[in-house]
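I have placed the structure first, in the form of structure tokens, so that the comments after it can refer back to it.
Throughout, read-outs are computed from the coordinates displayed, never taken from laboratory work. No experiment lies behind these values; they were computed from the predicted model shown. Every residue, glycine as well, gets a Cβ built from its backbone with ideal geometry; the counts of neighbours run over all protein chains shown.
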Amino acid sequence: VFAHIDRAPEDPILGVTVAYNKDPSPIKLNLGVGAYRTEEGKPLVLNVVRQAEQQLVNDRSRVKEYLPIVGLADFNKLSAKLILGADSPAVQENRVTTVQCLSGTGSLRVGGEFLARHYHQLTIYIPLPTWGNHPKVFTLAGLSVKTYRYYDPATRGLNFQGLLEDLGSAPSGAIVLLHACAHNPTGVDPTIQQWEQIRQLMRSKSLLPFFDSAYQGFASGSLDADAQPVRMFVADGGECLVAQSYAKNMGLYGERVGALSIVCKTADVASRVESQLKLVIRPMYSNPPIHGASIVATILKDRDMYNEWTIELKEMADRIISMRQKLFDALRARGTPGDWSHIIKQIGMFTFTGLNSEQVAFMTREYHIYMTSDGRISMAGLSSKTVPHLADAIHAAVTR
Ligand code: LMR
């Protein structure tokens, strides 16, 4: 009965790791998936995460009971404060409902399913380009996906005029997906002034913001600065949704820890929204896993651990920024044709190089460098030792 089934293609991002793992070359380099690596090219478990885990293991009173459908209460409260600000009136007035979800993807999916059931507008606008999983998540959630202009290949920067035009002609009430910071894949973010214009336009048309916050702390190294666009939308008293991931900023990739917050107008509405979120979650996976959320809650509620986390986070962000400079310098030193200043201007984990899919295929074939075919490279996967190899490959790709 299954003989007719076609083989599905690998995922455009996670499939890069599958191909990388099959390559026996000793010089191979995986710059596909956005996962932080140390200078030695190794995955990093933060010290503060180890510390929190130790504390959890030592606490013999801890059990492995089911969490409530909405997850760990402390985790939810602390997550809302982390993204919205400890002094956020929306949090203080209990107008925010937060549910623990399976990292960013799970938060987006639960939010999407909730909107498809209860919101009057089923169209969601996503930026062009965006993370490859966004259209799939929202389509399967039951929303109709449209795009708005975002990136301008000519300037390798923001197409702000196009963005305003497209959101300006979106139907009233449409949902708009916004990357809170460190836009994936382009590394191009609006300025704060541009965010303010976007906010005004969206509020004037009653467009509903749905933020994807996967990189808080990674764009600037500051948790508060990276949350500013979200906080601007919450400060005006209007509704919004926020999907948070702790994959990158706490290095908890495989623990799948995230949260969906829905900011409502009143506490009563928020509690009714939460009751409906439970009906979305229960038939999907019943309730979320306990370990990762306990790590996050342990860190966020202890002042010393929180401070240590911010230091380790800044170290990761700074290492990525230094890789940008090193790659830029290496291309300049080789006289590689083209203006590569976007490498140092873009922010977050990724550089959107401008290399085309043929050039990417060439670099993979000849240099064993693995990256997504849209030319995105994960700067977090690069180290001082591997920069020359990447620069050689880019040079060869653009001069052949
Ligand atoms: C990425 O874009 O590389 C990450 O968000 C990982 C993923 O799940 O795609």
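Results, tabulated for the structure shown:
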quantity: Spatially proximal lysines relative to residue 22 (Cα-Cα < 20 Å; intrachain offsets below 8 disregarded); calculated: 42
quantity: Cα-based Kirkwood hydrodynamic radius, region 7-121, one decimal, Å; calculated: 18.7 Å
quantity: Of 159, 88, 174, farthest towards positive along the dipole that unit charges on Lys, Arg, Asp, Glu beta carbons give region 73-301; calculated: 174
quantity: Charged-residue dipole, Cβ positions (Lys, Arg, Asp, Glu), region 1-148 about Cα centre, Debye nearest 20; calculated: 100 debye
quantity: Convex hull projection area averaged over all views, region 73-301, Cα basis, nm²; calculated: 11.3 nm²
quantity: Value of relative contact order over region 73-301, rounded to a whole percent, pairs C-alpha under 8 Å and six or more apart; calculated: 28 percent
quantity: Proxy reagent accessibility, fewest Cβ within 10 Å first, across 109, 62; calculated: 62, 109
quantity: Global geometry of region 182-331, whether rounded, prolate or oblate, following the gyration tensor of its Cα atoms and the 1.5 cut on a/c; calculated: oblate
quantity: C-alpha long axis of helix 73-84 to longest principal axis of the chain, angle in °; calculated: 60 degrees
quantity: Alpha-carbon centroid distance for the pair region 178-231 / region 9-69, whole angstrom; calculated: 26 Å
quantity: Global form of region 103-147, assessed from the alpha-carbon gyration tensor, a/c cut-off 1.5; calculated: oblate
quantity: log₁₀ of I(q)/I(0) at q = 0.12, 0.14 Å⁻¹ - the chain, Debye sum with one point per alpha carbon; calculated: -0.98, -1.30
quantity: Ratio Rg/Rh, restricted to region 248-400 and using Cα atoms, in which Rh is the Kirkwood radius; calculated: 1.13
quantity: Rel. contact order, % - alpha carbon contacts under 8 angstrom, at least six apart, the chain; calculated: 25 percent
quantity: Long-range HN-HN contacts of residue 123 with modeled amide H, under 5 Å; calculated: 144, 175
quantity: Derived scalar couplings ³J(HN,Hα) [region 333-339; Karplus, 6.51 cos²θ - 1.76 cosθ + 1.60; whole Hz; x for Gly, Pro]; calculated: 4, 7, x, 4, x, x, 9
quantity: Residue 147 long-range amide H proximity, modeled H, under 5 Å; calculated: 126
